1. Can you compute the modelled spin-label distance between A:Glu399 and B:Thr258, with each label point 7 Å from Cα toward Cβ, in nm?
2. Mind listing which trypsin sites (Lys or Arg not before Pro) in the range A:498-531 are in a DSSP loop and have 15 or fewer other Cβ atoms within 10 Å?
3. Going 7 Å from the Cα of B:Gln53 toward and past its Cβ, which residues in the range B:305-336 have a backbone nitrogen under 19 Å from where you end up?
4. Starting from the Cα gyration tensor of the range B:1-119, multiply each eigenvalue by 5, take the square root, and state the resulting semi-axes largest first in whole Å.
5. Based on the Cβ-Cβ distance of B:Tyr172 and B:Gln305, what FRET efficiency does E = 1/(1 + (r/R0)^6) give at R0 = 41 Å, to the nearest 0.05?
6. Report the Cα-based extents of chain A along its three principal axes, largest first, to the nearest Å.
7. Normalised by the number of residues in chain A, what is the relative contact order in percent for Cα pairs under 8 Å and 6+ residues apart?
8. Within a 10 angstrom radius of each residue's Cβ in B:121-128, how many Cβ atoms of other chains show up on average? Whole number is fine.
Amino acid sequence: MNYHPFVIPFTVGALFLFGVVFYKFYAWIAALDRKQKFMVKQNIFSFKTIRAIGEIFREALVHHNIYKKNPVLGYMHMSLAFGWFLLIVVGKIKASLYAGTFFEPPWLGIFFNFFAVDGHAFSYGEMLTFTMDFLLLIILSGLALAIIKRVKSSLLGMRKTTKHSRFDRIALSSLWFIFPLRLMAESTTASLHGNGGFLTNSVGHLIPSAIAPYAELPLWWAYSISLFVFFVALPYSRYMHIPTEVVLILLRNWGADTGEQLSGYTDIQLNSCSRCGICIDACQLNFAAGISDVQSVYFVRDARYKTLSDEVVNNCLMCGRCSNECPVGLELTLVRQQFRNKQEIPGKFYYEYTEPVESKAGVDVIYYAGCMTHLTPSIIISMKKIFEAAGVNYWFMDEDKGVCCGRPLRQQGFIQQSKNLVIKNSRIINSARAKLLVTSCPICYKSFREEYNLNLPVMHHTEYIEGLLADGRITLNASNVTVVYHDPCELGRGANIYEQPRNILRNFSLIESDYEKENSLCCGGSLSDAILDLRLQLKIRDHALGELTKDKPEVLVTACPLCKKSFVHGNKARVMDIAEIVAGNLKVIARKKQSVRKEELQLV
Amino acid sequence: MNKADVVVIGGGPAGIEAAYNLARDNHKVVLVEKEKEIFGHMQTAYTLFPNFQDASEIRSSLLQKTKHGNITLYNNSEVTQVSRENDFWRVQTINGLDFIAPAVLLASGFKTFDARYKEELGYGIYKGVITSVEFEEMLKVGKIQTANGEKPRRIAFLNCVGSRDEKVGNHYCSRVCCINAVKLSIEAKKQLPEVEAYCFYMDIRMSGQFYEELYRKSQEDFDVNYIRGRISEVAPTIDNRLQVKCEDTLSQTPLKMTVDLLVLMIGIEASEGTARIGEQVGVNGEYNFSKSISLHTADNKTKHQGFFLAGTCKRPLTVPETMADARAAALEIDLYLKSLSQ
């Protein structure tokens, strides 16, 4: 009879866990928005599901992404997750072989050594016992690392680790007890019956034979109770990420989109956070400004437990560094945006006084400088010079008057107001029937790309200038000026424009910085954080400036008027927009030659 | 190493006035000035508010004072190092001068805000955008004109450029620009009666004696217009004039205006010397201005014995305030030196 009352806590806990988890899954999937549901239906029976299963294996079990960023941390996660998973699977196989049926009681695999005191008297018994001991050893080594991480995170290469909630502490403590208790229980049984493997038998030998008979049952009870506590705490603790991440990976592979409004997919993302704290180290508010309680890990936690404060939602540069580093791949900036979006405020249009802009027909290119570029007139002058040099038939849409692209409002959550601006601008742009829209501001660029439905392609001036250079419509004088390039958040991480500016800057002496491309820093001037104290903003700027100008470049080049304005005040190096440095080095060619070439060129 | 009773750093109104008063009390004063010429910012002044006194009169009076027998003036002598040596202060300069004295007076003054930081205002980009200092120089030579040498039809003055501005990190009010804009607009109207003058402001702060009266007078007698709003953008027009944009916050409407000259009323910041010496000696306060030991009761003393402050190295001050402060500093130093000899 493979039963003893001590299996009850485990069994009850496991039933509770499965009940709660499946209820939650059901509720979230029911709360997906229409588009997300459509994507699920569309892709559930496709190759994408197989790809997702591969990813589940790689990320939920092996934790490949964490391993890539920090091998020790990766090993810790892998040993616990994959080790435990295998322990359950191998335990199940072992129990089935022992019982001679696939439908043995579920606890048999878990408490196998207690019931199977008759040693390895079944097929592959010896080998399976060895495997189980080996897996337990791996898990225990991971556990040791986890304890070290909690006590001193710097030993595992982390500057800061997450501060935990009460449920997390309960779950964490029980998790820490589970495997040592299992080891002790199995070893005690092994010392009495000799049914252990290399690990449990060895430990069993160390247990005095006088104590073993009395210690055996209490240890199995304790093991079962620790499982019970962990199972019951799991759905309310960060460990909910273990089952949820599986659903997240499936949905992501099926093409679910975070979207504008909160949905079941938001809940799934919130619950998939393991609170590893990697985002804290990635966040400039932490390492440059000393704020360590608003990072994505805390935002996600508070959002999940519905204790979100305005401070946590709004004190964020939305630079995307955390999303970039997140090993689970959560779309943290987009989720935060969802919580910023205001539902109750009606869409009052604040720009009634603006005079309508008459669309100009018959041009090839529309140039939209954007509000921020109007605050940096040298960029506008440079762009005019470049257009002229390339002989472009363009229309400067917001030269005299114009309205904002809408993105700053959107980032503060005024979706409806932002949409009004989108409608207004779209009408002007689309009715011009031009071939290309060029903007100087990465914020506008992202807005045009993502929020507008335009009848023409959009380019940021970095892309456009690169094209003009590649097609020989403008050429640059050779220059030895040393430059370092700063990737603006919205253009780099936001729109993946990394190579174009670098191609342009090959004409100069380009120095690399430690914070390139995806790893680039925010200049501190982000429009997305309306509550950050100015002094802290300046700290962020000065830190970024210090890093960028380490190798003493003559010019710090960026491609965003806002970054330029932030850095100019920092007084560390000459700051120029990429359009300025190009315009300043234009080689003047005879206009005639150009107009001939114009016919054959792609760029208008 | 040369010995002196006092080394005064800075040959502007504060430094000269203090040096003169110390010299009259029979102290040997060394006055070091970093520039070729003395007078500091008084050099460029045309007239002084609120009574339109000719600045050249002030300059000649100051020049006279430097001629006192107890004063030795050194030009082109930027101070590089101020250090404490036993009970003395040692002051070294860029041209190799080396003084030792029981007392030092810091009168290193202010610098004006670099308007290029506010790129949206177009300074250094559009020729019609000038600073209040440059406009004062135009008044001085009697030639108010645009870059093309034409007479301006409309002049705009913009207050608070680099003052009360979070974005450039200066939260404080520079105190003198409001009244200075009133003075400049009146002077402009005196020289060019046909010109239209507009002052753009956030608040008009007329705190000094006769300031409010002058503000009224500028409107009643000189037809100067005041618009409450900060200019946000400047752009060129086709005919090479300037279009300024702002919100008229009293009527709550956006406003565009074409002007020929835009005069930026640039604010006051601690000069580089003030910041550097303050840092060396350890008397740096907010915004790099130097900090006295007590604003109310010992505003010329610092936490270091024998190291004194006078004038705009402490905060934005008007000319009369600066001169009075310099005399007070001279008195403090006199008492200090006497206490040493007893």
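Since every read-out is calculated from the coordinates, none of them should be taken as a lab result. Owing to the predicted nature of the structure, the values given are computational and were not obtained by experimental measurement. Positions of Cβ are generated from backbone atoms using ideal geometry, with glycine treated the same way; all protein chains shown enter the neighbour counts.
1. 1.4
2. Details: sites: A:Arg502, A:Arg506, A:Lys517; in loops: A:Arg506.
Here the sparse-neighbourhood loop sites are A:Arg506.
3. Residues passing the 19 Å test: B:311-312, B:317-330.
4. Ellipsoid half-lengths, sorted descending, are 26, 19, 11 Å.
5. After rounding, the FRET efficiency stands at 0.90.
6. 100, 50, 47
7. 12
8. Per residue, the average neighbour count from other chains is 2.
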